[in-house]
Amino acid sequence: MITQKKIPNARLYKLLWLTVLAVSTLRADEGARLWLRYDPISDPQVRSQYDGRLTEIVIDQSSPILAAAAEELRRGLSGLLDRQVPSADSLSQAGAIVAGTPRTCPLVRSLIDPESLKTLGDEGFLIRSVTENQK
């Protein structure tokens, strides 16, 4: 006995092909881009205020975690400010963002008094605005 296979009509193939084509051309944000959007600050006045205050990034990159933090901070600020924010090995101007651990970074150790660190514990962190040599 011979069986016959039904072949779907050409319309169904065309519809399927158009659906695949339409879906493949859609652009969607993916992964971290969904929640880590670093699009430029849209308000020119606000962006100007931040732009004038953020001059450089000084982060002790002696560990992979701090190196990743430095890269993410650089990427984020550059996206938000719509310009590259330079990195520096040492504090050279006012408006720098400094990050590190007191254990490995002499600059952080010099900027933060030991008493402030005692209450933080192993996982704690401190965010503070400080002045060092009028910078």
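Observations, loosely collected:
Rundown of residues vs (1) assigned to a loop (DSSP other than H, G, I, E, B); (2) among the small types (G, A, S); (3) exposed (fewer than 13 other Cβ atoms within 10 Å of the Cβ); (4) modelled with pLDDT under 90, yes/no style:
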site	(1), (2), (3), (4)
I65	no, no, yes, yes
L77	no, no, no, no
R83	yes, no, no, no
S92	yes, yes, yes, yes
T104	yes, no, no, yes
V108	no, no, no, yes
E115	no, no, yes, yes
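- I127 being aliphatic (A, V, I, L, M), more than 16 Å from the chain's Cα centre (by Cα), surrounded by 15 or more Cβ atoms within 10 Å (Cβ to Cβ) and at pLDDT below 90: no
- Against the criterion of being among the charged types (D, E, K, R), free of Cβ contacts under 8 Å to residues at least 24 places away in the same chain, surrounded by 13 or more Cβ atoms within 10 Å (Cβ to Cβ) and within 30 Å of D39 (Cβ to Cβ), E56 does not qualify.
- Some residue of the range 69-80 being of a type in the set (S, T, N, Q), closer than 23 Å to D39 by Cβ and in contact with a helix residue (DSSP H, G or I) (Cβ under 8 Å, 6 or more places away or on another chain): no
- Within the range 21-43, the set of residues being surrounded by 10 or more Cβ atoms within 10 Å (Cβ to Cβ) and either at pLDDT 65 or above or in contact with a helix residue (DSSP H, G or I) (Cβ under 9 Å, 6 or more places away or on another chain) (or both) comprises L36, R37, Y38, P40, I41.
The values are calculated or read from the model by the stated rules, or taken from the named source; none is laboratory data. Quick caveat, the model's predicted, so the values are computed rather than measured. Methodologically, a virtual Cβ is constructed for each residue, glycine included, from the backbone with ideal geometry; neighbour enumeration extends over all protein chains shown.
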